[in-house]
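The values are calculated or read from the model by the stated rules, or taken from the named source; none is laboratory data. What you see is a predicted model; the values in this text were computed from it and never measured. Neighbour counts are summed over all protein chains in view; Cβ atoms, including those assigned to glycine, are modelled from backbone coordinates with ideal geometry. Accessible surface is based on the protein model in full, side chains and every heavy atom, while ligands, DNA and RNA are left aside. Shrake-Rupley method; radii C 1.70, N 1.55, O 1.52, S 1.80 Å.
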Amino acid sequence: MNLPAPIPMRDDAPKDFDFIHGHWRVRHRRLLRRLQGCQEWVAFEGLSSARPVLGGFGNLEDNLLQLPEGEVRAVALRSYDAAQRQWSIWWLDGRLPGQLDTPVVGGFQGHRGEFLAEDQLDGRPIRVRFTWLAEPGKPPRWSQAFSPDGGQTWEENWTMEFLPLAP
């Protein structure tokens with residue numbers, strides 16, 4: 001089957017997430033229990049592949065998480081609202097295929113992006129923060145933190161380091 005030429009990107013598309021396009025080996029670290037004073041981290045590997053969508057005003061990241069209890073598939077979907085100059089990021093876990101997580105919303109200043117949402121954990125309100133670091137010459141890094149007190153204090157509970165896969 002012959003595929004058509006790729007859909008062109010828009011010239012005015014934001015470049016904030018261009019660093020994540022491609023194929024990656026991912027080093028994950030995840031806190032065993034969140035917002036319970038836990039200090040035990042679990043490390044595992046994963047794979048990720050990201051590509052632009054929406055003419056460059058979004059991207060789709062396909063993930064394979066190699067958790068100790070078994071493999072999990074997940075997707076991150078990002079879209080850019082040019083009028084608000086903000087990104088929204090949704091997470092879809094393959095174990096819950098009918099449930100998109102509450103989107104985190106925010107943007108980049110320089111090489112650091114911060115994205116926030118109000119959500120719930122075990123029935124109690126929390127604030128969620130995603131942080132992206134995309135410094136030139138260094139592997140991209142992502143972290144997730146939760147706050148039980150409206151953002152006064154934060155507990156980092158998941159980190160990811162993206163290492164490029166050879167083409």
Notebook entry, point to check: Per-residue HN-Hα couplings for the range 143-159, Karplus 6.51 cos²θ - 1.76 cosθ + 1.60 at θ = phi - 60°, whole Hz, x for Gly and Pro?
Noted result: 9, 10, 9, 10, 10, x, 10, x, x, 6, 10, 10, 10, 6, 10, 7, 10
Checklist line | DSSP-loop trypsin sites (Lys or Arg not before Pro) across the range 53-111, with at most 16 other Cβ within 10 angstrom | finding: R85, R95
Margin query: With θ taken as phi - 60° and the coefficients 6.51, -1.76 and 1.60, list the Karplus ³J(HN,Hα) couplings across the range 87-102 in order, rounded to whole Hz; mark glycine and proline as x.
Written below: 9, 10, 10, 10, 10, 10, 8, x, 6, 10, x, x, 10, 7, 5, 4
Item checked: Within the accessible area of the range 16-125 (1.4 Å probe), percent carbon and sulfur -> 48 percent
Next item on the list: With springs connecting C-alpha atoms under 10 Å apart, model the chain as a Gaussian network and identify which of G37, G137, G58 has the largest mean-square fluctuation.
Entry: G137
Item checked: Reference-scaled alpha-carbon Rg (2.2 N^0.38 Å with N residues) for the range 14-167 -> 1.02
Next item on the list: List the residues whose amide H sits under 5 Å from the amide H of G94, counting only those 5 or more places along or on another chain, with H placed 1.01 Å from N in the peptide plane.
Entry: R73, A74, V75
Next item on the list: Return one whole number: the accessible area per residue of the chain in Å², for a 1.4 Å probe.
Entry: 61 Å²
Next item on the list: Choose one answer from A83, A74, A134: the residue with the largest mean-square fluctuation in a GNM of the chain with alpha-carbon springs under 10 Å.
Entry: A83
Notebook entry, point to check: Just D11, D81, D101 to compare: in a GNM of the chain, with alpha carbon springs under 10 Å, which one fluctuates most?
Noted result: D11
Next item on the list: Compute the separation of the alpha-carbon centres of the range 77-104 and the range 137-160 and state it in Å as a whole number.
Entry: 17 Å
